[in-house]
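Written below as structure tokens is the structure these notes are about.
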Amino acid sequence: MDELVKKGSMRLHWAYEHMPVIQEIDKKFRKEQPLAGLKIGMALHTEAKTGMLAVTLANAGAEIRLASCNPLSTDDSVAAALREEFGLKVYAKKFESDEEYYANLNAVLDMKPDFVIDDGADLITMAHTSRREVLSNIKGGNEETTTGIVRLKAMAADKKLEFPVMDVNDSKMKYLFDNRYGTGQSVFDGWMNATNLIVAGKRVVVAGYGWCGKGVAMRSKGLGALVTVTEVDLVKAIEARMDGFDVMPMSEAVKTADIVLTVTGCKDIVTKKDFMNMKDGCVLGNAGHFDNEISKKDLNELAVSKEQVRDFIDCYTMKDGRKFYLIGEGRLMNLAAGQGHPAEIMDTSFSTQAMAIVYMVENHDKLKNNVIPVPDEIDDELARIKLRTLGISIDKLTEEQYNYIHSWQEGT
């Protein structure tokens, strides 16, 4: 076994050992074979936890093809181990060019999958545009992330979505833990790996106060930063203030910011007007899915020079001598410069993926071509398994209590 495969194998097995929920689902799937004979195309960040999801689905009987959903998010050692140790067809490497990225997505669609699992909706979008010949075979799919769900809901509103897609991102066992605690921790794992700089005492600007932004702001505060939140949502702005953070427009916040972290799922969050006001030495990182939250176009136009100053960090020097530092080419810093979310967090997220794709297989013919919420019974079952693996038991309602909260007549 060569060193790259050995390293990836160790990472895969380490992740699996810390994913007790997926272990239980894997055991069940091996026995029941709910995906027997099916072809599943996947476009996900190709790293250890994703790898164990792919292996679990293969153990359930499916033929798998896996590509990355981001040019910088592949762990090459894991991709190699998935090919060599587990025999999976993996089309992914770190530092893909745009051409390689789309060629790999096309390779997944070349299998004419029965179902797809996507992160960011590039695979699903391609199936609806340049690869429409595969649509007749695709019966349904899952989508993992906020950005992808936004795109798919827009497709559905335009009546362009041609198969049902399960909204895994908004299941409780995903967003309450993955988006908040996973993103919160992994952003700073990526930060430390990229910069080796302290956070305590610095002014951190967090753009976006959704569940991911909440996690990043919370971890920033926990690391000792002075935190400012920028928002466009009226209610979330109030929530951020009530949670103890300053709230102001980005153009104001950057004047004193040491660190700017974007977590919105939208484009052009930090643009020319912000760079014009930005403090010298500011470090910029993005945890949104696409590399368009921090405008690299504007940075390149304003800079007189650009050079790589550290692994995963480019320095842009302005005409007036100010320097700004961009982590991971403005791509997902927690995967471009780190190893992604912790295994225990992705355990419940990928268990949701596994159970949701089986639900889609069993029910796709009853579902409309829309974005479909994950059924509560899947969330509840995963929560029961997770609590059991944590050694936690909780109270149960008595029959009298149950009747009380489900009755409008009883007042005492």
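The values are calculated or read from the model by the stated rules, or taken from the named source; none is laboratory data. Bear in mind that the values here come from a model prediction, so they are computed numbers and not experimental data. Cβ sites come from the backbone with ideal geometry, for glycine too, and all protein chains shown count toward neighbours.
If you go through region 178-231 and pick out every residue that is part of a helix (DSSP H, G or I) and in contact with a strand residue (DSSP E or B) (Cβ under 8 Å, 6 or more places away or on another chain), you end up with 10. Of Asp347, Asp298, Asp380, all but one fail to be under 30 Å from Ala194 (Cβ atoms) and outside the structural domain of Lys272 (by TED's automatic domain parsing); the exception is Asp347. Among the residues making up region 50-82, those that are among the β-branched types (Val, Ile, Thr) and over 18 Å from Ser349 (Cα atoms) are Ile64, Thr74, Val78. Take the conditions of a type in the set (D, E, K, R) and within 17 Å of the chain's Cα centre (by Cα) and apply them to Asp243. Does it pass? Spelling it out, it is not the case that Asp243 is of a type in the set (D, E, K, R) and within 17 Å of the chain's Cα centre (by Cα). In region 317-332, the residues that are within 16 Å of Lys255 (Cα to Cα) form Cβ pairs under 6 Å with partners that are at pLDDT 95 or above and of a type in the set (S, T, N, Q), at six or more places apart or across chains, as follows: Lys323/Thr317. Go through region 79-111 and give me each residue that's touching a helix residue (DSSP H, G or I) at 6+ places or on another chain (Cβ under 6 Å) and under 13 Å from Met126 (Cβ atoms). Once the filter is applied, which keeps residues that are touching a helix residue (DSSP H, G or I) at 6+ places or on another chain (Cβ under 6 Å) and under 13 Å from Met126 (Cβ atoms), region 79-111 yields Leu105, Leu109.
Residue-wise test of (1) farther than 28 Å from Thr230 by Cβ; (2) assigned to a strand (DSSP E or B).
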| position | (1), (2) |
| --- | --- |
| Lys297 | no, no |
| Glu301 | no, no |
| Cys315 | no, yes |
| Gly340 | no, no |
| Gln353 | yes, no |
| Val358 | yes, no |
| Asn363 | yes, no |
| Ile372 | yes, yes |
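Among the residues of region 129-149, those that are surrounded by 18 or more Cβ atoms within 10 Å (Cβ to Cβ) and in a helix (DSSP H, G or I) comprise Val134, Thr146, Thr147, Gly148, Ile149.
A single entry from Ile313, Ile345 fulfils the requirement of being touching an Asp or Glu at 6+ places or on another chain (Cβ under 6 Å), farther than 17 Å from Asn70 by Cβ and surrounded by 17 or more Cβ atoms within 10 Å (Cβ to Cβ): Ile345. Restricting attention to region 150-177, the residues that are farther than 22 Å from Asn292 by Cα, in a helix (DSSP H, G or I) and either under 15 Å from the mean Cα position of the chain (by Cα) or not hydrophobic (A, V, I, L, M, F, W, C) (or both) total 8.
Looking across region 1-57, the residues that are closer than 23 Å to Glu143 by Cα, outside any helix (DSSP H, G or I) and aliphatic (A, V, I, L, M) come down to Met19, Leu35, Ala36, Leu38, Ile40, Met42, Ala43, Leu44. Do we find a residue being of a type in the set (A, V, I, L, M), within 28 Å of Arg388 (Cα to Cα), at pLDDT 95 or above and assigned to a helix (DSSP H, G or I) anywhere in region 88-103? Within region 88-103, not a single residue is of a type in the set (A, V, I, L, M), within 28 Å of Arg388 (Cα to Cα), at pLDDT 95 or above and assigned to a helix (DSSP H, G or I). The set of residues in region 222-276 being exposed (fewer than 15 other Cβ atoms within 10 Å of the Cβ), of a type in the set (A, V, I, L, M, F, W, C) and either more than 24 Å from Gly330 (Cα to Cα) or not assigned by TED's automatic domain parsing to the domain that holds Leu302 (or both) consists of Leu234, Val235, Ile238, Met242.
Name every residue in region 31-52 that is farther than 12 Å from Val78 by Cβ and either of a type in the set (A, V, I, L, M) or touching a Ser or Thr at 6+ places or on another chain (Cβ under 9 Å) (or both), in order of residue number. Matches in region 31-52: Leu35, Ala36, Leu38, Ile40, Met42, Ala43.
Among residues that are more than 19 Å from the chain's Cα centre (by Cα), in the same structural domain as Ile345 (by TED's automatic domain parsing), within 24 Å of Ser186 (Cβ to Cβ) and at pLDDT 95 or above, Met10 is included.
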